[in-house]
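Report on the following structure.
Each reported figure results from applying straightforward, stated rules to the coordinates on display, with no laboratory input. Everything numeric here is computed off the predicted structure, so don't read it as measured data. Positions of Cβ are generated from backbone atoms using ideal geometry, with glycine treated the same way; all protein chains shown enter the neighbour counts.
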Amino acid sequence: MRAKRAPVLLRLAAVVAAGGLLLAGCGRNMAEQPRVEPLQESSLLPGRSGSLTPPEGTVSRQRGGIDPVFFTGQRDGALVTELPVELTLGLLQRGQERYDIYCAACHGYVGDGDGMIVRRGFPRPASFHEQRLQDASVGYIFNAATNGFGRMFAYADRVPAEDRWAIAAYVKALQLSQHAHADDLPAEVRRSLELERSAERASR
Ligand code: HEC
């Protein structure tokens, strides 16, 4: 028995020793190399600036490329009234999911402004169903999410531009949902709604 155990212990000791050696080899040298931060002065780079203008023809790997409308929600200094991305069911579904995560806590799931944080004392935002906000453009919603609004902080660092457009599109859909008219529905949906209503009336 004894003869058998010794090699196991030896092997264990060897593993521990090797691990120790490996760890001893770890330094922070790689992480702490000199580097130039954005906007920092640099004597090496042209113009002495750490932030260079991308060379002509550079293509951004982000969606939207370097399209300023996509990133600012503005064209010629005015907030855009049209989505700079394609409006699809998928976009609205993504918007609903992101809105429920990032905005509903204050603005409420239907946008009334009575989210849980507000019920716990945070200042109450205006309802998205007020006339003023119903008239507001999709760019206005995107801009508030991007740059913040009064006491509301900005979301640009937490929610990528693509998702802020999805959220803005969803807020416009939310507004429509609370003010939709039966005549706006496709014929077959309207028919089933009417059937439902008459069944309800009959059962009263
Ligand atoms: C922590 C709470 C909170 C969260 C989360 C929040 N908001 Fe707000 N929002 C506010 C408050 C409060 C105001 C009003 C601020 C003021 O008037 O000073 C506001 C204002 C706004 C306005 C402008 C309304 C107006 O009166 O013109 C828009 C648009 C808006 N928020 C969109 C969003 C979107 C989109 C999200 C999610 C990405 C979001 N908010 C997340 C609290 C929040």
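What the table shows:
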quantity	calculated
Any hit, the stretch 65-79, residues being within 30 Å of LEU39 (Cβ to Cβ), within 14 Å of the ligand (Cβ to nearest atom), aliphatic (A, V, I, L, M) and touching a strand residue (DSSP E or B) at 6+ places or on another chain (Cβ under 8 Å)	no
Any chance LEU91 is assigned to a loop (DSSP other than H, G, I, E, B), surrounded by 12 or more Cβ atoms within 10 Å (Cβ to Cβ) and more than 11 Å from the ligand (Cβ to nearest atom)	no
The stretch 160-174 residues that are among the charged types (D, E, K, R), paired with ones that are surrounded by fewer than 24 Cβ atoms within 10 Å (Cβ to Cβ) and not in a helix (DSSP H, G or I) (beta carbon under 8 Å, 6 or more apart)	GLU162/ARG63; GLU162/GLY64; GLU162/VAL85; ARG164/TYR155; ARG164/ALA156
The listed residue being more than 7 Å from the ligand (Cβ to nearest atom) and not charged (D, E, K, R), out of ALA166, ALA136, ALA145	ALA166
Count - residues of the stretch 140-169 that are in a helix (DSSP H, G or I) and out of contact with any helix residue (DSSP H, G or I) (no Cβ under 7 Å at 6 or more places or on another chain)	5
